[in-house]
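Accompanying notes for the structure given below.
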């Protein structure tokens, strides 16, 4: 069973799933103005965002759906086409390819989104593609974070550079990139401390890590990933806004999509920021990270084949 099949099952299990809620609105064969307004309101409640909801409503109105056809199926096709057109340009499968020179990847996000677990899963995919991978344990505020990253490194068989709890995170990042360059690594994944986007001192520490990497390679960090928790809803918009101000984000990873209807926030992000979506996370298992594919996501999100 593929991960997107698991997403479909997860969505079906949820009483408040996106598709069942939409089906409850579209109970008539003909979509009138009242139904269009209800669809728009439901899309907004599903975290799709105002801009995308307005566009989808307009497209449905313009399509003039034939009442002799299955109305829900017709709306589902419109939604799928909209999602694919919006999100297809945001696919970035090249991210996981083996690089000719060291690719330093800074991984950030607020507390509890699953950064370290996501790093482990990314490392597994990169290694399976023939890359030499290193982890850098720069969440030095918590000994448990260092240990967790080390456990993931051991699990998938990659090297980890670490220091003691309380060490300067930027110095650990510098040491890791220096070692990785000297030993011809393809990727180094830098784990950073979970930080609230409104805590200025922590965000400055995050900026410092990025600045230190440039002392070795002016182009580093080559990728800046923001890990987001799908259950956070509209708060995600603010997280992207604030993290992007500190260091420009090059890719998003959304976790905890299993069993919820909160995937709608991805549409809002795609519409507003147009940032590449690297992967989606389903759970804690090692293979529960799926490289983002717009068409497969659309099919899972609206329960259509």
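The values are calculated or read from the model by the stated rules, or taken from the named source; none is laboratory data. As the structure is a prediction and not an experimental result, all values here were calculated from the model. Neighbour counts run over all protein chains shown; Cβ positions are idealised from the backbone, glycine included.
If you check 298, 279 for being under 11 Å from the mean Cα position of the chain (by Cα) and in contact (Cβ under 8 Å) with a residue 24 or more places away in the chain, only one passes: 279. Of 257, 196, 252, all but one fail to be modelled with pLDDT under 90, crowded, with 21+ Cβ neighbours inside 10 Å and under 26 Å from residue 144 (Cβ atoms); the exception is 257. Can residue 155 be described as in the same structural domain as residue 250 (by TED's automatic domain parsing), closer than 22 Å to residue 100 by Cβ and surrounded by fewer than 19 Cβ atoms within 10 Å (Cβ to Cβ)? No: the conditions fail for residue 155. In the set 59, 83, only one residue is within 30 Å of the chain's Cα centre (by Cα), free of Cβ contacts under 8 Å to residues at least 60 places away in the same chain and not assigned by TED's automatic domain parsing to the domain that holds residue 230; that residue is 59.
To keep it simple, each residue is scored yes or no on (1) on the phi > 0 side of the Ramachandran plot; (2) assigned by TED's automatic domain parsing to the domain that holds residue 203; (3) part of a strand (DSSP E or B).
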residue	(1), (2), (3)
107	no, yes, yes
112	yes, yes, no
119	no, yes, no
126	no, yes, no
130	yes, yes, no
135	no, yes, yes
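Considered as a group, the residues in region 137-150 that are assigned to a helix (DSSP H, G or I) and in contact with a helix residue (DSSP H, G or I) (Cβ under 8 Å, 6 or more places away or on another chain) include one that is surrounded by the fewest Cβ atoms within 10 Å (Cβ to Cβ), and that residue is 148. No other residue among 256, 296, 271 is within 18 Å of residue 52 (Cβ to Cβ) and in contact with a helix residue (DSSP H, G or I) (Cβ under 8 Å, 6 or more places away or on another chain) apart from 271. If you go through region 202-236 and keep only what is in a helix (DSSP H, G or I) and farther than 18 Å from residue 248 by Cα, you end up with 230, 231, 232, 235. Candidates in region 155-173 are the residues that are part of a loop (DSSP other than H, G, I, E, B) and under 14 Å from residue 119 (Cβ atoms); of these, the one that is modelled with the highest pLDDT is 158.
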